[in-house]
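Peer 1: Let me begin by handing over the structure; questions about it come next.
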2 protein chains.
Amino acid sequence: MGYFNDQKREYVITNMYPRRELVNYLWNETTVCKCNQFGGGFSWSSFGAERRAIETGERNVYVKDRDSGTCYSPNRNYARLPFEKFEAHIGLGYHTVISEYDGVRVEYTLLVPPKGNFIAYTVRAYNLSGGEKHIDLYFCNQPQPDISGHEAYGMADYDEELGGIHFPHEGFALDSEYTHLFLASAQKPFAFETSKDRFCGAYGSFADPESLREDSLSCKGTSFEMSYVGAMQYRLTLAPQAEWENVWICGMGKSREECVALAKENASRAAFEKALQEVEAQNAQYSDVFRMETPDAVLNSQANIWLKRQLSLGKTWGRVYGKGFRDVMQDITAFISFNPKLARERILNVLRYQYEDGNPIRMMQPDMFYPYNDGGVWIPSAVLAYLNETADISVLSEQIPYLIGTSAENSGYSKPSVFRPYEGTEKAESVFQHIQRAMDYLYSSRGKRGLVLFIGGDWNDSLNNAGRLKKGESVWLTIATVKALNEFEEILRLYQREDLIADYASKKEELKQSILVHGMEEDHFLYGFNDYDEKIGSDENEYAKIFLNPQTWAVLAGLLDAPSLHKLMDTVEKRLRCDYGYMQCYPSFRKGDDKIGRVSYFQPGLVENGAVYNHGVAFKIVADCLLGRGDIAYASLKAISFDNPKNPDNGMEPYAVSNMYMGPENPYVAGYAPMSWITGTAGWLYRCVTEYICGVKPTPEGLKIEPCLPSAWDRLRVTRKFRGGVYEIEYCRGEKASVLFNGKGVEGTLLPLLKAGETAKVTVYFV
Amino acid sequence: MGYFNDQKREYVITNMYPRRELVNYLWNETTVCKCNQFGGGFSWSSFGAERRAIETGERNVYVKDRDSGTCYSPNRNYARLPFEKFEAHIGLGYHTVISEYDGVRVEYTLLVPPKGNFIAYTVRAYNLSGGEKHIDLYFCNQPQPDISGHEAYGMADYDEELGGIHFPHEGFALDSEYTHLFLASAQKPFAFETSKDRFCGAYGSFADPESLREDSLSCKGTSFEMSYVGAMQYRLTLAPQAEWENVWICGMGKSREECVALAKENASRAAFEKALQEVEAQNAQYSDVFRMETPDAVLNSQANIWLKRQLSLGKTWGRVYGKGFRDVMQDITAFISFNPKLARERILNVLRYQYEDGNPIRMMQPDMFYPYNDGGVWIPSAVLAYLNETADISVLSEQIPYLIGTSAENSGYSKPSVFRPYEGTEKAESVFQHIQRAMDYLYSSRGKRGLVLFIGGDWNDSLNNAGRLKKGESVWLTIATVKALNEFEEILRLYQREDLIADYASKKEELKQSILVHGMEEDHFLYGFNDYDEKIGSDENEYAKIFLNPQTWAVLAGLLDAPSLHKLMDTVEKRLRCDYGYMQCYPSFRKGDDKIGRVSYFQPGLVENGAVYNHGVAFKIVADCLLGRGDIAYASLKAISFDNPKNPDNGMEPYAVSNMYMGPENPYVAGYAPMSWITGTAGWLYRCVTEYICGVKPTPEGLKIEPCLPSAWDRLRVTRKFRGGVYEIEYCRGEKASVLFNGKGVEGTLLPLLKAGETAKVTVYFV
């Protein structure tokens, strides 16, 4: 597929035509740009509840040799011409396609600037040949001005002052204020086109646009279009070894004037270079927080660069299609070390989507009101991770309003509602109280067995109809509540509210007892009970006799003694392992069951119905590490890696993690990995590798080093920035576990805190 | 573009690559199939409030010569190969693409059967060459099984019993019961494909599907697809002059078993032929009701065949994207003569969407609740047209429930809401009472000038914010109410409710006075007043100083004496005519005005903002005829005809009428005609030609002959079926107007009624 270039923090795609399109994301706090290996895809900006499209589809460069008449797209190569070079460079915050053909080298780079609602592009064309080249170079994207469905509001034409094409779409009572798009060019084009039908031909396509056969694009404006293009033609004469370059930006404004101002400020080489440097600096900062050199080069690339990248997307954009409460909370948890201040802001912001009764909504922007019941369990772990990294307990006193309403109003929308603005209560309470209310909600939301109710579902979104009558109970959610209460106990200690510990400890004990009495079978925990007292995840069932998460979370929650937990994880190995990971449940449902929900209707092996759901595998790896099962943890990690030789045709991007691999029970798509980037797996895997395998654990008192390494590793090195200091950690296999801090032995595993700017050498001996 | 073949009732497209795709529709009472000249497009079935997709996009045949390796699509010819023949035949209820290339003739026909939720296709391949042909023939469409957005519910695989590909999509709590699609083949294919990515290649397209380069399609099922295909490969050896044919059907069922049964019954040559015959017979029936032979061959084709076709679409499917109350009412009005029984059913059904307060909703299926205020004016004309055709006053006593709710609840949705089932009141009232309530609603829904309120708008949908404060008044709507009251008066007479005539006559007089006092300027009627007492359609305004419809409807309503109406229509000629029709208003708005609404934000010359809105031009032609302005009427008719030499690049299908031609004020798309078929123009033009130009007017007492012919015509012939008899009418220019019935003079213009089966010869002398 390609190779990692860690020095440049790039992944370089050399096979431009793999099984499926490879996905890259570029983004800032308001704008997201998706692109495939060729640089095509959608982009939009989002403001609170609003999402405003910028562009979609192809973003192409074309080169026409005026002497020979040959015409091709250097970034897309539709005709599969024999390019000398054809690569996509996935950078941190930019995307570059490089090609060489017929004596011309083209470098095409996209980026989303650190701030602003626009995409920036640059194209450089070099004459590699010995003779003069007379080429027409075209740049073309597909702005999406239409925000109303009324084509009659739209037009597009070249605007001299703007230095590009202006796409207004002003209309009656529109939802968006951003009624103007533009594509501006640093250099004035020789010609332009605005209509897709004229550009491609009414029967043509971007693969071979008919307008390129003419000497010049039409230079005509247009109106009432389904699809516009922003196409510009440049007439170049390149001496041997000469180079041409240009910059474009495509973005939005509330008025033509705002577009003109944006264009003047940003459509230039200087502005592009500055943005690129800023984007790179921002990412370098993340890179430096944790660096490891292990014997596993791929894992090094992933942990040092790519998992950070992916979880950083999640901390801002959730799953992109929407910001899930639990999703953003988990991604922030992993993100904290990179930018504690930003993470703090993010946690505080996300907590505004919790009702005063303690339960948060499932997803914000767009809001989803289906009554999932697990939101609360993700709060204490995020806050505790923040406290571990920073020891900043002031966060617990921050006053945050609640979402207006109650979770009881979450009464049954199964699809996301329209975008709506956030509405908060006037009354604000402390973060501590938010957490406490979440714990109280979960404790009080229980059924006759003393287990926490499903209501609309839990982590397993697709068990969405097991508890709608408010009778069905989730064993997993009860286990997760125990884990959350463990974390809450630590928070109580840090917040010096020991007065509450006994009360919550007894509540936790009550939950544990309920789990142990009702939630266990011979070799595993059930998933739960539906509204009709039927077991889910039991050997009594025909399908889905066992689920992965209740077992792994029993370990995360410390529900049993170590030998019992080992036995439980042995069950996981025996009953849920496949060649490329661990199935979410087994065997897959093969018959829709309305007493369970969506999952039972999914085709076997797909999504929660028996896929290798990577998020669940990441929980499993943490569980392995907690039990000291380093080899199994590492093997599991490698099983879901893109380069698992037992699953060669999975389609995955090497630089991202996917939501799942389709399970072995699916007869058609077993092993295939769709939905890359859109998963909480990255954050958890990052913590697996850094905190659990390498064992570099932030705590309020300082870093602890508690590795759980595979037996194949004898030596590794980690650099970790922590509270201003730098820990350079050498790991060596030794005869007995011990830790040296600047050459001196340390009691236990806790490293002393450093002063800002200090560097310490740490040596870790492991057996 | 092509030619009319009236004998076969076909239009034959010979230029397969005109400015824009040419649109054809095929349909029955539950299923609609849109296709372009190549046969590609979408299809869906609709059941009450539900709309269920069948397929979308390309529907292609491919031929691969196994000896030479050449491969192409005979119906689509992406590569623009030099075909010997390449034609699309637009038939009444079928669509055929014929091509000849490389010694092979392929005839590809689609149809929607008279009943059932499926599309049927046949392909015939002939070997035109002298030698044996070894070809692989492929058929491919794109079924759309996904009704949930959950790809995990979906799969596709070949099903032996079905004899084709089965696409189930069963899921949790789906809105549709039709969870199964299928593509069945009469002959078992050599190979098949289910995945679009495999068929086209992940980076390929239907223009050059990569799988055709292999010897065989993959014969694999698939799952979790964004886009499926139904592709089948047939390995043929054709002797010289030999022919191969096959039939496929693509449709839906509530279960696999239903799909199997449908396939067994319908996926055969015999079933296809039967369906084709039935569809043709149904259409022939419409053709025979009215036939004319005038000196204008194009107009003959239009009136005898194509306008009937288009208004027949409207009577069942409204504007396809939704069934507008006013739209269906108007199309039924024109449709009545073809099938009075069906028209009667349709009127009764549509009246269920009227609230008990008298006002109907704007659109049903999907319901649109934006509070348009004009619905009621379209009811009496439709019922009266039915009474004129049939004299069946029993329709007035039919009991019909109302829509639950009140029009006051129509409180501001500007977009169609989701599909919802019809909910009717328990109380039913007679059709007569429905009409009366509509009249009473309009009369009582008036403002301080005594004019009818706009509320959300009237015929001019886009004046949607002139009256939301319930103050703005519409002059046009008041005129239209006068016209409706004229019609109601006739209904009162027929229903022997003369007791009510005086009351409604005095109400009508009141409305007229309000119009004359408040609604006139020097040379034209205003459009109305907005909520802020500002005039609309006045010379005081900067934009839209005059609108077309208030002038033409003043004639339709008989608002003034003849000389004044002539003067008014002279104003229309002076101020609104352009080279290709009459603008809806002039000059176009160039500045959004929230006190008016959407229309003011439309780009100049687009839609209601200054386009030649054909529906309005049709009203205008009727007005011309009512005033005896035959030459102007005819010239207007020809101005909006596809073949107007002053607007050569309009893009129109010759066999359909479009919603509009973009107005001359638009700098980019003036003269262009998008949105063919989707207009009420066809019905009105049909009535223009038959009732007003040829003057064959049904009345309760019998046919009247009152022509208004262009001076260029000296002679024409019309055949009209009416209440079981056949009138063969010869028109000749004479010295004095007179009518002979079977050779004998007739008093006035009324022809005697015939007995069923009788034929009469009528001679009409006109001056």
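Values in this text are rule-based calculations from the coordinates and carry no lab data. Source: prediction; values computed, not measured. Counting neighbours? That spans all protein chains shown, and the Cβs are built from the backbone with ideal geometry, glycine included.
Peer 1: Counting just the Cα atoms, what span does the protein assembly as shown cover along each of its three principal axes? Round to the nearest Å and put the largest first.
Peer 2: 127, 75, 67
Peer 1: For B:Val726 and B:Glu278, what is the calculated FRET efficiency with R₀ set at 30 Å and r taken between the beta-carbons, to the nearest 0.05?
Peer 2: 0.80
Peer 1: For all pairs of alpha-carbon atoms in segment A:661-729, what percent lies in each bin of width 5 Å, listed from the first bin to the last filled one?
Peer 2: Spelled out per bin, shortest first, that is 4, 12, 18, 17, 13, 12, 10, 7, 5, 2, 0.
Peer 1: Using 0.36 nm per residue of separation minus the Cα-Cα distance, give me the extension gain between A:Asn5 and A:Gln496 in nm, one decimal.
Peer 2: Length difference between fully extended and current span is 172.0 nm.
Peer 1: Next question, about the same structure. Relative contact order (percent) for chain A, with alpha-carbon contacts under 8 angstrom and 6 or more residues of separation?
Peer 2: It comes to 9 percent, rounded to a whole number.
Peer 1: What is the spin-label model distance, in nm, from B:Asp533 to A:Asp714 if the labels are put 7 Å beyond Cα along the C-beta direction?
Peer 2: Spacing of the two 7 Å Cα→Cβ label points: 9.7 nm.
Peer 1: Take the Cα atoms of segment A:1-142, find their three principal axes, and give me the spread along each one in whole Å, biggest first.
Peer 2: Its Cα atoms span 53, 31, 27 Å along the three principal axes.
Peer 1: Any chance you could give the angle, 0 to 90 degrees and rounded to 10, that helix B:501-518 forms with the longest Cα principal axis of chain B?
Peer 2: With both axes taken from Cα atoms, the answer is about 90 degrees.
Peer 1: With r as the distance between the Cβ atoms of B:Glu177 and A:Asp579 and R0 = 30 Å, compute the FRET efficiency 1/(1 + (r/R0)^6) and round to 0.05.
Peer 2: About 0.15, to the nearest 0.05.
Peer 1: Students often forget the sequence filter, so: which aspartates and glutamates lie under 20 Å Cα-Cα from A:Lys8 once same-chain residues fewer than 8 apart are removed?
Peer 2: A:Glu87, A:Glu107, A:Glu273, A:Glu278, A:Glu280, A:Asp288, A:Glu293, A:Asp296, A:Glu653
Peer 1: Within 10 Å of each Cβ of A:284-293, how many other protein chain Cβ atoms are there on average?
Peer 2: Per residue, the average neighbour count from other chains is 0.
Peer 1: Right, something else. Using the Cα atoms of segment A:59-133, I'd like the radius of gyration and the largest Cα-Cα distance, Dmax, both in angstrom.
Peer 2: 13.6, 43
Peer 1: Further question: Grab the Cα-Cα distance for B:Val298 and B:Tyr321, subtract it from 0.36 nm times how many residues apart they are, and report the gain in nm with one decimal.
Peer 2: Full extension of this stretch gives 5.4 nm more.
Peer 1: Would you mind checking the tilt of helix A:614-626 against the longest principal axis of the Cα atoms of chain A, expressed as 0 to 90 degrees and rounded to 10?
Peer 2: The two axes meet at around 40 degrees.
Peer 1: Based on the mean of other beta carbon atoms within 10 Å per residue, what is the order of B:577-589, B:34-46, most packed first?
Peer 2: Descending mean neighbour count gives B:577-589, B:34-46.
Peer 1: What Rg and what Dmax come out for chain A when only alpha-carbon atoms are used, in angstroms?
Peer 2: When restricted to the Cα atoms of chain A, Rg and Dmax are 27.5, 85 Å.
Peer 1: Apply the Kirkwood formula to segment B:702-766: the hydrodynamic radius equals the inverse of the mean of 1/r over all pairs of different alpha-carbon atoms; give it in Å with one decimal.
Peer 2: Result for segment B:702-766 stands at 12.0 Å.
Peer 1: Using Cα atoms only, what is the angle between the long axis of helix A:307-317 and the major principal axis of chain A, expressed in degrees (0 to 90) to the nearest 10?
Peer 2: Helix A:307-317 sits roughly 80 degrees off the main axis of chain A.
Peer 1: What spacing in nm lies between the two simple spin-label points modelled at A:Glu245 and B:Asp440, each 7 Å away from Cα in the Cβ direction?
Peer 2: Once both label points are built, they end up 7.9 nm from each other.
Peer 1: Still on this structure, I have one more. Please give the length that would be gained between B:Asp643 and B:Lys220 if that part of the chain were fully extended, namely 0.36 nm times their separation in residues minus their C-alpha to C-alpha distance (nm, one decimal).
Peer 2: Going from the current span to full extension adds 147.3 nm.
Peer 1: Same structure, new question: One-quarter of the Cα convex hull surface for segment A:294-693, in nm²?
Peer 2: The directionally averaged projection comes out at 17.7 nm².
Peer 1: B:Tyr17 to B:Asp65: FRET efficiency via 1/(1 + (r/R0)^6), r the Cβ-Cβ distance, R0 25 Å, to the nearest 0.05?
Peer 2: So, using R0 = 25 Å, E works out to roughly 0.55.
Peer 1: From the residues B:Gly375, B:Ala505, B:Asn465, which one has its Cα farthest along the dipole of segment B:355-514 in the positive direction, the dipole being from +1 and -1 charges on Cβ of Lys/Arg and Asp/Glu about the Cα centre?
Peer 2: B:Asn465
Peer 1: Per residue of B:215-227, how many C-beta atoms from partner chains lie within 10 Å of its own C-beta, taken as a mean?
Peer 2: Average per residue, whole number: 3.
Peer 1: Any idea what the relative contact order of segment A:318-390 is, in percent, if you count C-alpha pairs under 8 Å spaced at least 6 apart?
Peer 2: 38
Peer 1: For segment B:160-208, would you read off the P(r) tail past 17 Å as a percentage of all alpha carbon pairs?
Peer 2: Above the 17 Å cut-off, segment B:160-208 has 54 percent of its Cα pairs.
Peer 1: Same structure again: When the helix-only estimate is applied to chain A (DSSP H runs of n ≥ 4, each -39,500 (n - 2.57), divided by the residue count), what is the mean residue ellipticity at 222 nm, nearest 500 deg cm²/dmol?
Peer 2: Taking each H run of at least 4 residues, the total per residue is -8000 deg cm²/dmol.
Peer 1: For segment B:426-510, give the magnitude of the charge dipole about the Cα centre (Cβ charges: +1 Lys/Arg, -1 Asp/Glu; no others), in debye to the nearest 20.
Peer 2: Charge dipole of segment B:426-510: 460 debye, to the nearest 20.
Peer 1: Label B:Glu345 and B:Arg269 with points 7 Å out from Cα along Cα→Cβ: what is the distance between them in nm?
Peer 2: My value for the distance between the label points is 3.4 nm.
Peer 1: Please tell me the relative contact order of segment A:697-766 in percent, rounded to the nearest whole number, where contacts are Cα pairs under 8 Å and at least six residues apart.
Peer 2: Computed over segment A:697-766, the figure is 37 percent.
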